[in-house]
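Beneath this line is the structure, given in structure tokens, with notes to follow.
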Amino acid sequence: MNRYLIKATGVGALGGLLFGFDTAVIAGTTQQLSTVFHLTPLTLGLTVSIGLAGTVIGAMGSGVLGQRIGGREALRIMAVLYMISAVGCAWAWSWPVLMAARFIGGLGIGGSSVLGPVYIAELAPPKWRGRMVGLFQINIVIGILLAYLSNYIITLFKLGAVQWRWEFGVAVVPSIFFLVFLYGIPRSSRWLVTTNRTVEAREVLEMMGSPNSDEELKEIIESVQMESGLNREPLFKRQYRLPIFLAITIGIFNQLSGINAILYYSNFIFASAGFSSASAALQTVGIGVVNLLATFLGMAMIDKVGRKTLLMIGAIGMAAALGGTAVIFQVKSHQNLLLPLLILFIIFFAISQGSVIWVYLAEVFPTRVRSKGQSLGSSAHWIMNGLIALSFPYIAAKSQAAPFAFFAVMMLLQLAVVWFVYPETKGSSLEAIQSSFGIH
């Protein structure tokens, strides 16, 4: 590990921090936005989910952009999008302007979610790669916590009607840092090879502390040549039906747990249970802290306990916690149990779905269709996320208990699907996983 490698990985992972911050900052603003722009439950859902529409488009389009101009340059564009979004949301003089700024922020989030991990994976030496890409995931969770914390601190200033503008505007600061730092890191060696700039690629490998840069450069050139022939391989073939099923279902179940409905609307959920706005903001910070700690726990357990086992343990725990939450809203008593139940839910989510999804998506596809397969799983995840964010306030306005009861039932369904269909991939090489699927 040398300082160049640490710096480059840190900057790539900072994209994850902005991703988390921009995703969660909306939680503190939903009530004020509803008042200022006279939002109905449906238009509030639209305000939250328009960002996700941008995320889906950003995630789908950024891979091509990264290949064309390089990950570092593409991440600079994402940093500018984050800045425009923060300023646009903070100064929004009408609802359409707010919607446009949220959409632009979504493009930045979607782009970062693809470009950040790829940039880190292409720079990191093989023995560090898993942990360094994991750093991106941890930074997303830190970003969520920082958004909640900054929202809570801003509520203490009692800024009244302009409070929501400050909550959005704070994001300008990390986006400026991100953009500035992106001018102090190298291009990825792998991308340089794809554009036939092998001399520069060798210099980057040496800078990153490669013990044998010539050998590593040769391996990169061979793998790039091999992959250029593979890009023509279609994903939707009969032999890939199991990995396709696994990718789509893990992406959909990740969101059917209700995780993002809870992260986006946490202040709204606590307020509807009768808590004051400052108290709701503080309880949301508690959820952010637990989310971070449980993510560390999940990353420590994933290679020991295994993917399938964690998914099953998580499904049982989440179903119980969500069922309890539904009961509280149905009988309208025992509100003091709401925070413990949601914390329990977050712990079970973070050690199971939160830790497993991105690792599993990277493992179940053979190299020749891996990037297409990951895009498919990721898109299923974001699209379901958007549908839930859109419909949650509308359904919760009709029955506060209904969304949580629905999420609980979905987790029991996930338990059954994982039990009967999902293979365990712990400790298997990627080649062994493919042959167990009957893919040749």
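The values are calculated or read from the model by the stated rules, or taken from the named source; none is laboratory data. All values derive from a computational prediction rather than experimental measurement. Using ideal geometry, Cβ is built from the backbone for each residue, glycine included, and neighbour counts are taken over all protein chains shown. Heads up: the accessible areas ignore ligands, DNA and RNA and are worked out on the full protein's heavy atoms, side chains in. Shrake-Rupley method; radii C 1.70, N 1.55, O 1.52, S 1.80 Å.
Scanning segment 400-427 for residues that are in a loop (DSSP other than H, G, I, E, B) and either of a type in the set (A, V, I, L, M) or without any contact (Cβ under 8 Å) to a residue 12 or more places away in the chain (or both) yields one hit, 401.
One residue stands out among those in segment 61-110 that are polar (S, T, N, Q) and open to solvent by less than 10 Å² (accessible area, probe 1.4 Å): the one that is nearest to residue 51 (Cα to Cα), which is 85. In the list 387, 361, which residue meets the criterion of being assigned to a helix (DSSP H, G or I), within 16 Å of residue 258 (Cα to Cα) and aliphatic (A, V, I, L, M)? Checking each option against the conditions leaves just 387. Could you list, in sequence order, the residues of segment 212-229 that are farther than 17 Å from residue 191 by Cβ and modelled with pLDDT under 75? Scanning segment 212-229 gives a single hit, 229.
Scanning segment 326-358 for residues that are within 28 Å of residue 378 (Cα to Cα), part of a helix (DSSP H, G or I) and polar (S, T, N, Q) turns up 353, 355.
Exactly one residue out of 317, 258 is free of Cβ contacts under 8 Å to residues at least 40 places away in the same chain and either crowded, with 23+ Cβ neighbours inside 10 Å or under 29 Å from residue 363 (Cα atoms) (or both): that is 317. Looking across segment 221-233, the residues that are part of a loop (DSSP other than H, G, I, E, B) and open to solvent by 70 Å² or more (accessible area, probe 1.4 Å) come down to 231, 232. Answer yes or no: is there a residue in segment 137-146 that is more than 15 Å from residue 24 (Cα to Cα) and open to solvent by less than 60 Å² (accessible area, probe 1.4 Å). Checking segment 137-146: not a single residue is more than 15 Å from residue 24 (Cα to Cα) and open to solvent by less than 60 Å² (accessible area, probe 1.4 Å). Scanning segment 364-382 for residues that are within 18 Å of residue 113 (Cβ to Cβ) and in a loop (DSSP other than H, G, I, E, B) yields a single hit, 365. Filtering segment 180-197 for residues that are on the phi > 0 side of the Ramachandran plot, among the polar types (S, T, N, Q) and either open to solvent by 40 Å² or more (accessible area, probe 1.4 Å) or touching a His at 6+ places or on another chain (Cβ under 8 Å) (or both) leaves a non-empty set. Does segment 284-297 contain any residue that is buried (at least 16 other Cβ atoms within 10 Å of the Cβ), closer than 22 Å to residue 136 by Cβ and among the hydroxyl-bearing types (Ser, Thr, Tyr)? Yes, segment 284-297 contains a residue that is buried (at least 16 other Cβ atoms within 10 Å of the Cβ), closer than 22 Å to residue 136 by Cβ and among the hydroxyl-bearing types (Ser, Thr, Tyr). Among the criteria (1) at pLDDT below 90; (2) over 27 Å from residue 152 (Cα atoms); (3) part of a helix (DSSP H, G or I), the one residue 73 does not fulfil is (1).
So is residue 26 open to solvent by 10 Å² or more (accessible area, probe 1.4 Å) and either in contact (Cβ under 8 Å) with a residue 60 or more places away in the chain or not basic (Lys, Arg) (or both) or not? Can you show your working first?
Working: open to solvent by 10 Å² or more (accessible area, probe 1.4 Å): no; either in contact (Cβ under 8 Å) with a residue 60 or more places away in the chain or not basic (Lys, Arg) (or both): yes.
For residue 26, the condition - open to solvent by 10 Å² or more (accessible area, probe 1.4 Å) and either in contact (Cβ under 8 Å) with a residue 60 or more places away in the chain or not basic (Lys, Arg) (or both) - is not met.
With a requirement of 3 or more residues that are more than 16 Å from residue 118 (Cβ to Cβ), the helices (runs of 4 or more DSSP H) lying completely within segment 162-220 that satisfy it span 163-169, 172-181, 198-207. Is segment 388-396 home to any residue that is open to solvent by 20 Å² or more (accessible area, probe 1.4 Å), closer than 15 Å to residue 255 by Cα and out of contact with any strand residue (DSSP E or B) (no Cβ under 7 Å at 6 or more places or on another chain)? Yes, segment 388-396 has at least one match. Scanning segment 184-207 for residues that are among the hydrophobic types (A, V, I, L, M, F, W, C) and under 16 Å from residue 218 (Cβ atoms) turns up 192, 193, 199, 201, 204, 205. Among the residues of segment 343-360, are any surrounded by fewer than 16 Cβ atoms within 10 Å (Cβ to Cβ) and modelled with pLDDT under 95? There is no residue in segment 343-360 that is surrounded by fewer than 16 Cβ atoms within 10 Å (Cβ to Cβ) and modelled with pLDDT under 95.
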